[in-house]
Amino acid sequence: MATYSVILAAAGQSSRFRDKNYKKPFAPLADRAVWLHSAEKFINREDVKQLLLIISPEDRDTFDAKFAANVAILGIQVVPGGKERTDSIANALEQVRADVDCVAVHDAARPCLATEWIDKVFAAAERTGAAILAIPVAGTLKRVGRDQQVVETVARTGLWEAQTPQVFHRQLLLDAYARRGRQSATDDAQLVERLGHPVTIVPGSPVNLKITTRDDLAFAAQALKALPKPKILGPAHPFADDDLWR
């Protein structure tokens, strides 16, 4: 069985979330913070040996005040974020254990994740070295100019919307980040693609939505209800005390 480090990215500015009290990974969702729903999907897995949570340094004091007990009991490592997303992931990669086989990067703001999808993308990454969840683009795409007028209609044939987790052999991802230079990237697969390594698509689900605005919280609450229920936990398990999640 391959072993994994999981990186949860939660260091963004949440500029489109527009909530004066919360950034989106820390907003309440079904009686828990969004990021805790995401962490729950990985922390119980036998193949996951390490979970790293990236948060912005500006959020650290508030985060510790609310979630220090969760972090300590669950054995989660908190990593400071950087200026850009790739800087944040690079910080986390420095903390990844050398004895794990693969690294999975997941948006902390994607809480509606099913075990089946994780199993499939993990298996594909073990087999091919790099795999991501994605869904085919269904709508009609328009390229729009600065004047908010349509420039062209873009053919959607062969287009997929990338999701997370994105999963890679550990050394492959380390190499991709070591060679990234100053080029920007919107996801980790893009850096791996630049190495010339193929990235396998594993069909995901629209349910695996990324919370971007406050309206998305309502959709996520309903999506969580549709996911398979987690196994019943014994009283000694760290997830058994639901108060720690709130």
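Pairing each residue of region 103-123 that is under 13 Å from Val207 (Cα atoms) with any residue that is in a helix (DSSP H, G or I) and among the β-branched types (Val, Ile, Thr), provided the two are 6+ apart or on different chains, yields C-beta distances under 8 Å for Ala109/Val34; Pro111/Val34. In region 78-94 there is at least one residue that is more than 17 Å from the chain's Cα centre (by Cα), modelled with pLDDT under 95 and surrounded by fewer than 18 Cβ atoms within 10 Å (Cβ to Cβ). In summary, no strands (runs of 3 or more DSSP E) completely within region 46-110 bear 2 or more residues that are within 26 Å of Ala220 (Cα to Cα) and among the charged types (D, E, K, R).
Looking only at region 170-183, which residues are at negative phi and out of contact with any helix residue (DSSP H, G or I) (no Cβ under 7 Å at 6 or more places or on another chain)? Of everything in region 170-183, those that are at negative phi and out of contact with any helix residue (DSSP H, G or I) (no Cβ under 7 Å at 6 or more places or on another chain) turn out to be Arg170, Gln171, Asp175, Ala178, Arg179, Arg182, Gln183. With respect to the conditions (1) modelled with pLDDT of 95 or more; (2) buried (at least 22 other Cβ atoms within 10 Å of the Cβ); (3) of a type outside the set (Lys, Arg), Val100 falls short on a single one, namely (2). Being surrounded by 12 or more Cβ atoms within 10 Å (Cβ to Cβ) and either free of Cβ contacts under 8 Å to residues at least 60 places away in the same chain or not in a strand (DSSP E or B) (or both): is that true of Gln166 here? Against the criterion (surrounded by 12 or more Cβ atoms within 10 Å (Cβ to Cβ) and either free of Cβ contacts under 8 Å to residues at least 60 places away in the same chain or not in a strand (DSSP E or B) (or both)), Gln166 does not qualify. For region 107-116, a residue qualifies if it is more than 11 Å from Asn208 (Cα to Cα) and not β-branched (Val, Ile, Thr), and the qualifying residues are Ala108, Glu116.
Just to be sure, is Ala176 in a helix (DSSP H, G or I), in contact with a Lys or Arg (Cβ under 8 Å, 6 or more places away or on another chain) and surrounded by 11 or more Cβ atoms within 10 Å (Cβ to Cβ)? Yes, satisfied. Any residue that is touching a strand residue (DSSP E or B) at 6+ places or on another chain (Cβ under 9 Å), within 14 Å of Leu173 (Cβ to Cβ) and either modelled with pLDDT of 95 or more or not aromatic (Phe, Trp, Tyr) (or both) - is there at least one of those in region 63-76? Looking for residues that are touching a strand residue (DSSP E or B) at 6+ places or on another chain (Cβ under 9 Å), within 14 Å of Leu173 (Cβ to Cβ) and either modelled with pLDDT of 95 or more or not aromatic (Phe, Trp, Tyr) (or both), one finds none in region 63-76, hence no.
In the condition set (1) free of Cβ contacts under 8 Å to residues at least 60 places away in the same chain; (2) in a loop (DSSP other than H, G, I, E, B); (3) at negative phi, Gln148 is compliant with all but (3).
The values are calculated or read from the model by the stated rules, or taken from the named source; none is laboratory data. None of the values given here were measured: they were computed from a predicted structure. Positions of Cβ are backbone-derived with ideal geometry, glycine not excepted, and every protein chain shown enters the neighbour counts.
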